[in-house]
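Report on the following structure.
The values are calculated or read from the model by the stated rules, or taken from the named source; none is laboratory data. Please read these numbers as outputs of a predicted model, since none were measured by experiment. Note that we place each Cβ from the backbone using ideal geometry, even for glycine, and neighbour counts take in every protein chain shown.
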Amino acid sequence: MFKKRNISVYNDLKTSFLCKFSLLLGGVLLFVFVFFKVGSLFIDKGATGFLQLIHDFSRSSYIDSIVAFSIIFLGVGIILYFFNCQFAKLAKIADEVENEEEDEEVDISIRLRP
């Protein structure tokens, strides 16, 4: 048998952390992409050593993969940010409903007293 799970509205499934993490990772990957592309503009083909490695890497297909992953992580981060905002609104609505129920219970107990 499956065990029934009750998930609280205050449990936002770690969307805040995952949102920040994916946005940070997407931003870092985007920065790396821009660094290599701009760096390759200033490095000529005759460079040697580390500069040659930067130039060769910026011309390879790996840099296209980096920008693709950057776009994916930024997109996932934006979606998780939306979910995080919705969970915050849900928690606010749950607080309001709980406060209304407590107020109704107090009103009922006051009316029932002789």
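With the requirement that a residue be farther than 14 Å from Leu30 by Cβ, at pLDDT 85 or above and hydrophobic (A, V, I, L, M, F, W, C), what does region 62-92 give you?
Ile79, Leu80, Phe82, Phe83, Cys85
Quick one: would you say Lys37 is basic (Lys, Arg), outside any helix (DSSP H, G or I) and out of contact with any strand residue (DSSP E or B) (no Cβ under 6 Å at 6 or more places or on another chain)? First the steps, then the outcome.
Numbers: basic (Lys, Arg): yes; outside any helix (DSSP H, G or I): no; out of contact with any strand residue (DSSP E or B) (no Cβ under 6 Å at 6 or more places or on another chain): yes.
No, not satisfied.
Considering only region 32-79, state which residues are under 32 Å from the mean Cα position of the chain (by Cα) and among the polar types (S, T, N, Q).
Listed by number, the residues that qualify are Ser40, Ser58, Ser60, Ser61, Ser65, Ser70.
Looking at Gly49, is it more than 22 Å from Leu29 (Cβ to Cβ) and either small (Gly, Ala, Ser) or at pLDDT 80 or above (or both)? It would help to see each step written out before you state the result.
Details: more than 22 Å from Leu29 (Cβ to Cβ): yes; either small (Gly, Ala, Ser) or at pLDDT 80 or above (or both): yes.
Yes; evaluated as a whole, the condition is true for this residue.
Could we say that Phe17 is of a type in the set (Phe, Trp, Tyr), at pLDDT 90 or above, assigned to a helix (DSSP H, G or I) and out of contact with any His (no Cβ under 7 Å at 6 or more places or on another chain) here? So that I can check it myself, show each step before the final result.
Values: of a type in the set (Phe, Trp, Tyr): yes; at pLDDT 90 or above: no; assigned to a helix (DSSP H, G or I): yes; out of contact with any His (no Cβ under 7 Å at 6 or more places or on another chain): yes.
Taking the combined requirement at face value, the residue does not satisfy it.
Among the residues of region 35-58, write down those that are at negative phi and surrounded by fewer than 12 Cβ atoms within 10 Å (Cβ to Cβ).
Applying the first criterion (at negative phi) to region 35-58 yields 35-48, 50-58.
Those that are at negative phi and surrounded by fewer than 12 Cβ atoms within 10 Å (Cβ to Cβ): Val38, Leu41, Phe42, Asp44, Lys45, Gly46, Thr48, Phe50.
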